[in-house]
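Asker: Take this structure, written in structure tokens, and hold onto it; I'll ask about it next.
None of the figures in this text is laboratory data; all of them are computed from the coordinates on show. Given the structure is predicted, the values throughout are model-derived calculations rather than measurements. Positions of Cβ are backbone-derived with ideal geometry, glycine not excepted, and every protein chain shown enters the neighbour counts.
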Amino acid sequence: MISEFPWLTAIIAFPIVAALAIPAIPDTNGKTVRLYALGIGILELGLIIYTFATQYDFNNPNLQLVERYSWIPQLGLNWSLGTDGLSMPLVVLTGFVTTLAIFAAWNITIKPRLFYGLMLLMYGAQISVFLAQDLLMFFMLWELELVPVYLLISIWGGGQRFYAATKFILYTALASIFILLSALGLAFYGDTVTFDIAELGLKEYPIGLELLAYAGFLIAFGVKLPIFPFHTWLPDAHGEAPAPGSMILAGVLLKMGGYALIRFNAEMLPHAHVYFAPVLAILGVVNIIYGALAAFSQDNLKRRLAYSSISHMGFVLIGISSFTALGINGAMLQMISHGGIAAVLFFLAGVIYERTHTLSMDKMGGMAKSMPSTFALFTFASMASLALPGMSGFVSELSIFLGLTTSDVYDSGFKTLVIFLSAVGLLITPIYLLSMLRRVFFGKLESNGEICWDAKPRELAIAFSLLIPIIGIGLYPKLATQTYDITTAAVAAHLREALPTAVAERKDTSLYAQSIEWKSQTANASPVISSKLVGIANR
Amino acid sequence: MLQLQYFLILAAALFCIGIYGLVTSRNAVRVLMSIELMLNAVNLNLMSFSNYIDSTEIKGQVFTIFVIAIAAAEAAVGLAIVLSIYRNRDTVDMEQFNLLKW
Amino acid sequence: MDFNNLVTQLNAGTILPEGIVLITLLGILVGDLIFGRSIARNLSYFAVGGLVCSLVALILQWDNPQPVSFIGAYSSDPLSVVFRAIVVLSAAVTILMSISYVEQTGTALAEFVAILLTATLGGMFLSGSTELVMIFVSLETLSISSYLMTGYMKRDPRSNEAALKYLLIGASSSAVFLYGISLLYGLSGGETTLEAIARGIAGASGSLSLGLVVSLVFTIAGIAFKISAVPFHQWTPDVYEGSPTPVVAFLSVGSKAAGFALAIRLLVTAFPQVIEQWHFVFTALAILSMVLGNVVALAQTSMKRMLGYSSIAQAGFVMIGMVIGTETGYASMVFYLFVYLFMNLGAFACVILFTLRTGTDRISDYSGLYQKDPFLTLSLSICLLSLGGIPPLAGFFGKIYIFWAGWKAGAYGLVLLALVTSVVSIYYYLRVVKMMVVKEPNEMSDVVKNYPATNWNLPGMRSLQVATLAGLIATSLAGILSNPLFTIANDSVSNTPMLQASVQRQVAVK
């Protein structure tokens, strides 16, 4: 193993090293730097694809390409990388979206060196988050994101950028404390001190500790994903960030939250997941409906898109809580497809902003005439976002619904409730997306809309390269799912393994707590066995 | 012969007087003098301990000599600083020294 | 006692590093006397050379089989070697930084270096002293030379005022400290070496007496002044703001490290009976320092004052390592102080560079610096972010180690509080970075608009550049490649008999 070439380290190190070389590039107007950055981005994407195409075994659900070097043995910190079906597609997505974001940032003229340097740094940092297999290292890489994103928003962002950037960094930094606390709590439990994710997963924790750690992780990742009460930073950050920044924020950074929820909460702490899964499902429903309703009331184009991101991430939560391979599969697919859709929507919002210099939809209108191809692309992306059949969003949301419906863990009342409410959310989605289209592209032409020129070839190329995979996955979902469904099936199996024991434990508690409130609150939310028990007790 | 306690109480009293002077004085030189008073209380303490407990090795008396020497150095530096501040500001009133505050 | 026996008892080789510093100091005084100001700059390079030699001598003393010397008055165990190394390193970097600063203000450079070396000497002796008189003398050597350095810009009323405040508060706190150790002398039945004191107190009274507690409180007051722990911190911001910046750099690193060395040695060795009490007091000090230091730093407009409050907060983090009292706790403390040395000195080197060119240290004057001086912006940003604990810089690893050790020892609340306050600290460090990097060219401050072009060939600038670069490189790499530092920190603790004994005692109690 050791003699092999360290592919994953190379993937992470390449853009970072390339970023460090940027100050040395002779350049006066930023053109060389952007070519350089784009070249590095494409090379990196090629490296990622080549690595996974040649070195990765798609039929193996376990960790692959594992690298492990002792870094600081005094802390038990290892430089430990590995990839499986959960991380591999997201790494590819990261490479794809980030490269396109660099390409989308063609018109950045303020401090170009710093901008492209930060982009490349983030490129490596994001990928490393998905690949880390050591909890302490994961925490470090997670934090690594903070300052580049902060600078990205506060230098190149919109009018409220300082407020948004500060809010972003405080929320994320405060939340990431919980990662460290949970990590320390888990690592020091038992005889051995380890931060290795696989070894941590093998430890047997008392249920109290597991629940605490789960809650800690949930808060930390819930801020990133975001989950309802912790979401308020997101509309600000996404609304104020420059278009390439929003692409990365929505396309990649949110996925870090979802990925980590599956990787740590579900896979590492399956017993606590049994307790928290109904909560996740409810939070998912809240996310969907709240995000959709809030999006409806936004006048700012990017804020509306940001709230739609919140709404879509709710589906990921429901998928994770479903206990079925299909549901988790759908959650993965939803992350991938939303990565593409959100990126293209934010990109096109940026394209419009470059022309109109406003994001307020009141001041837009009638642009369908002057920029028809942008209009077509935007419509396409919105259709993808509202899960029109034939687009990737439809497949993922459908499989999440199916996953939940076929799940034998919840009782039928709960399932009906969840699905009904999220269907309501699904109904609101077209309303706000179509009204957005109407307000931006139809109607009376605003005065500043006259000078709008249509999308240029570069912009068309970016939008197309994001839309084609979306349609491709929509028409032939196996394209994406086959890369990870072995792993998601394994995750689901792992979760279900934990189910009987946890339910058995829970049986006692539910017998003790037979008060009316308990039933009314949790009876429909609890796994089927205990709910039946409660039902019997009820009679 | 007097008991050890009396000396210790005297030293403690002297120390408290020193602290009182430190807190209430407005003149920088008076503050310095109060600090000297506190150091003398320490000296008294050391001497009495040395006499009653450690009369063979008299480490306390040696310590006292060190304290006296260093107190002299401290007073010299202190007066020098007071002098230079007097040249710049024409005052040694502690209340007037308010260039630095948050 | 024959001569040979006396020589082995003295074991004077252990103070070879201090001897080298002393000879350098004398050489500078004599050289200044003979040749005058013309060779002042060469003399300061000579001083740096002397400090480097002393550092080499310290490295050779690592794993000294016979650390105890001067009949129990001095110990050269690995812990003292590490702390002396921190003091020496900070002094060397401070001299590099101060050359152009002192020359620009028109005061005598050689005298400044001489006083700084005296302070270094005091700090070094303080790190290894195990006897009350020795502790007192070296503490005062450090303090008195610090007062002198603080007031070195004698025409500047702010410097005067800082010096006077520092002197008055410092002298009174050392009087309080002295009163505490005079009680210790009496309570132990006339002993002055720390171990004998512990034995004497244990023999005199099995239970804890009121006198011991009073002595402990007074001693802690003296120490807390030196490490500027809240509520003994009031002097810190004033002194930091008023005194010459290189002096602040030394005070915040060298002097503080010596204070921590004193704290560990005195409290661990002489007060084993009241270990719970002093752990409790230091826990309170740590909590207050972290909260107050970080919160008040938010409101500062002067860069030096902000760094002053930040150094109070950083001392709070270091104290966590001390109060948990485990082997990893002490090791994390040593490690953090090392890391803190690099990043804080790096930050101060940048502040000096900026002050030299613009004559101001207001935070708002930094705005837009990125356009004019990217190198300075990068260095200062890296050092500040490292102080805030942003990965992958050195400060992150320092904090992680402290939190790791704290969690391992079960100090959950303390770790949680430290984490929350370090998020607060990110905010104010980032504010400066934002000022420098984010501001548009039209928001540039007036001083930055008139910013002179960088000329490293001016006399004295080269050494400042070296200091900045050293800080920058060490801060960015000491985290990622921190394995050797971790080893040094751990070995220094595990090879120090005094700490081992204390750790064992604690384990036995539990």
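Asker: When 1/r is averaged over all different Cα pairs and the result inverted, which Kirkwood radius in Å belongs to region A:7-504?
Answerer: Kirkwood hydrodynamic radius for region A:7-504: 22.6 Å.
Asker: Would you mind computing Rg(Cα) / (2.2 N^0.38 Å) for region C:158-284, counting N as its residues?
Answerer: This ratio for region C:158-284 stands at 1.15.
Asker: Rounded to the nearest angstrom and ordered from largest down, what semi-axes does the equivalent ellipsoid of chain C get from its C-alpha gyration tensor (root of 5λ)?
Answerer: Semi-axes, largest first: 36, 27, 20 Å.
Asker: Still on this structure, I have one more. Within 10 Å of each candidate Cβ there may be at most 16 other Cβ atoms; applying that plus a DSSP loop requirement, which trypsin sites (Lys or Arg not before Pro) in region B:73-102 survive?
Answerer: Loop-located and lightly packed - B:101.
Asker: Through the Karplus equation 6.51 cos²θ - 1.76 cosθ + 1.60, θ set to phi - 60°, convert the phi angles of region C:122-135 into ³J(HN,Hα) values in whole Hz; use x for Gly and Pro.
Answerer: So the Karplus estimates, Gly and Pro as x, are x, x, 5, 5, 4, 5, x, 5, 10, 9, 4, 5, 4, 4 Hz.
Asker: So how many Å³ per residue does the convex hull of the Cα atoms of region A:168-265 work out to?
Answerer: Taking only Cα atoms, region A:168-265 has a hull volume of 94 Å³ per residue.
Asker: Can you run phi through the Karplus equation (6.51, -1.76, 1.60; θ = phi - 60°) for region C:182-194 and list ³J(HN,Hα) in whole Hz, with x for Gly and Pro?
Answerer: So the J values, rounded to whole Hz, are 5, 5, 4, 4, x, 4, 7, x, x, 10, 10, 7, 4.
Asker: Please give the Cα centre distance for region A:10-78 versus region C:212-229, rounded to the nearest Å.
Answerer: Value for the Cα centre distance between the two parts: 52 Å.
Asker: Quick check: the angle from helix A:31-55's long axis to the longest principal axis of chain A, C-alpha only, nearest 10 degrees?
Answerer: 40
Asker: Would you mind checking which residues have amide H under 5 Å from residue B:91's amide H? H placed 1.01 Å from N; only 5 or more apart, or other chain.
Answerer: none
Asker: Kirkwood hydrodynamic radius of region A:402-495 from all distinct Cα pairs, in Å?
Answerer: 18.1
Asker: Classify region B:4-90 as rounded, prolate or oblate from the Cα gyration tensor: take a ≥ b ≥ c as the square roots of its eigenvalues, call it rounded if a/c is under 1.5, otherwise prolate when a/b beats b/c and oblate if not.
Answerer: It is oblate, given that a/c is not under 1.5 and a/b is not larger than b/c.
Asker: Still on this structure, please answer the following. Hey, what does the equivalent ellipsoid look like for region C:32-108, semi-axes from the Cα gyration tensor as sqrt of 5 times each eigenvalue, largest first, whole Å?
Answerer: 32, 13, 10
Asker: While we're looking at this one, here's another question. Enumerate by residue number the trypsin sites (Lys or Arg not before Pro) in region C:132-184 meeting two conditions: DSSP loop (anything except H, G, I, E, B), and at most 13 other Cβ atoms within 10 Å of the site's Cβ.
Answerer: Passing both the DSSP loop test and the Cβ count: C:155.
Asker: Still on this structure, please answer the following. What size of dipole, in debye to the nearest 20, comes out for region A:7-504 about its Cα centre when the only charges are +1 on Lys and Arg C-beta atoms and -1 on Asp and Glu C-beta atoms?
Answerer: 1500
Asker: Residue A:388's amide H: which non-local residues (gap 5+, or another chain) put their own amide H closer than 5 Å, with H modeled 1.01 Å from N in plane and none for Pro or chain starts?
Answerer: Those lying under 5 Å, H to H, from residue A:388 are A:394.
Asker: Would you kindly state the longest site-free stretch of chain A, with sites defined as GluC sites (Glu not before Pro) in a DSSP loop (not H, G, I, E, B) surrounded by at most 15 other Cβ atoms within 10 Å? Don't skip to the answer; put the middle values down first.
Answerer: Working: sites that count: A:4, A:204, A:450.
The answer is A:205-449.
Asker: If you take the alpha carbon radius of gyration of region A:1-122 and divide it by 2.2 N^0.38 Å, what ratio comes out, to two decimals? Walk me through the intermediate numbers first.
Answerer: Numbers: Rg = 16.5 Å, N = 122, 2.2 N^0.38 = 13.7 Å.
So the Cα radius of gyration is 1.21 times the expected 2.2 N^0.38 Å.
Asker: Still on this model: Which of rounded, prolate, oblate describes region A:245-296, given a ≥ b ≥ c as roots of the alpha-carbon gyration tensor eigenvalues and a/c under 1.5 marking rounded, otherwise prolate only if a/b is larger than b/c?
Answerer: Oblate, because a/c is 1.5 or more while a/b does not exceed b/c.
Asker: Let me ask something else about it. For region A:427-433, in order, what is each residue's ³J(HN,Hα) by Karplus, 6.51 cos²θ - 1.76 cosθ + 1.60 with θ = phi - 60°, in whole Hz (x at glycine and Pro)?
Answerer: My calculation for region A:427-433 gives 6, 5, 3, x, 4, 6, 6 Hz in order.
Asker: Given Cα pairs under 8 Å that are at least 6 residues apart, what percent is the relative contact order of chain C? Before the final figure, lay out each step's value.
Answerer: Values: 843 pairs, mean separation 78.0, N = 510.
The normalised contact order for chain C reaches 15 percent.
Asker: Cα-based Rg (one decimal) and Dmax (whole number) for region C:292-396, in Å?
Answerer: Spelled out, the Cα radius of gyration and Dmax of region C:292-396 are 14.9, 48 Å.
Asker: Given the pairs C:304/C:434; A:302/A:363; C:226/C:399; C:226/C:408; A:302/C:434; C:372/C:434, which span a C-alpha to C-alpha distance of over 19 angstrom in this model?
Answerer: Checking Cα-Cα distances, C:226/C:399; C:226/C:408; A:302/C:434 exceed 19 Å.
Asker: Using modelled amide H (1.01 Å from N, peptide plane; none on Pro or chain starts), what sits under 5 Å from the amide H of residue C:302, excluding residues fewer than 5 places away?
Answerer: Under 5 Å from the amide H of residue C:302: C:363.
Asker: Moving on to the next point. How long are the semi-axes of the equivalent ellipsoid of region A:366-406, taking √(5λ) for every eigenvalue λ of the Cα gyration tensor, in whole Å from largest down?
Answerer: Working through the eigenvalues yields semi-axes of 31, 7, 5 Å.
Asker: From the Cα gyration tensor of region C:274-509, with a ≥ b ≥ c the square roots of its eigenvalues, which class applies: rounded if a/c is under 1.5, or else prolate if a/b is larger than b/c, or else oblate?
Answerer: Prolate.
Asker: Across the protein assembly as shown, how large is the tail of the calculated P(r) beyond 53 Å, expressed as a percent of all Cα pairs?
Answerer: I get 30 percent for the Cα pairs in the protein assembly as shown exceeding 53 Å.
Asker: How far, in degrees from 0 to 90, does helix A:372-385 lean away from the longest principal axis of the Cα atoms of chain A, to the nearest 10?
Answerer: For A:372-385 against chain A, the angle is about 0 degrees.
Asker: Let me ask you something else. Given the options C:410, C:269, A:442, identify the residue whose Cα lies farthest towards the positive end of the charge dipole of the protein assembly as shown (+1 on Cβ of Lys, Arg; -1 on Cβ of Asp, Glu).
Answerer: A:442
Asker: Also, I was wondering about something else. Would you please calculate the Kirkwood hydrodynamic radius of region A:252-368 over all C-alpha pairs and express it in Å, rounded to one decimal? Don't jump to the answer; show the numbers that get you there.
Answerer: Working: mean 1/r = 0.0652 Å⁻¹.
By the Kirkwood definition, the hydrodynamic radius is 15.3 Å.
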